[in-house]
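The values are calculated or read from the model by the stated rules, or taken from the named source; none is laboratory data. Quick caveat, the model's predicted, so the values are computed rather than measured. Cβ: placed from backbone, ideal geometry, glycine included. Neighbour counts: every protein chain shown.
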Amino acid sequence: MPMYKMWSYSHTYTDVTYQCQHIKCCLTRTHISESYVMTYVS
């Protein structure tokens with residue numbers, strides 16, 4: 001694999017990982033607040 005392909009691949013991978021972590025963080029926050037509410041409601 002040529003160097004530039006590896007670089008673009010790792011760059012894309014980093015981007016995706018970063019976005020994934022961001023989404024996970026948001027989802028976790030929402031999930032925590034939802035379960036928190038559910039606990040009190042039930």
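Details
- For the range 9-42, residues that are more than 20 Å from the chain's Cα centre (by Cα) and either at pLDDT 85 or above or part of a helix (DSSP H, G or I) (or both) total 6.
- Residues satisfying the stated conditions in the range 1-34, i.e. of a type in the set (S, T, Y) and surrounded by 10 or more Cβ atoms within 10 Å (Cβ to Cβ): S8, Y9, S10, T12, Y13, T14, T17, Y18, T28, T30, S33
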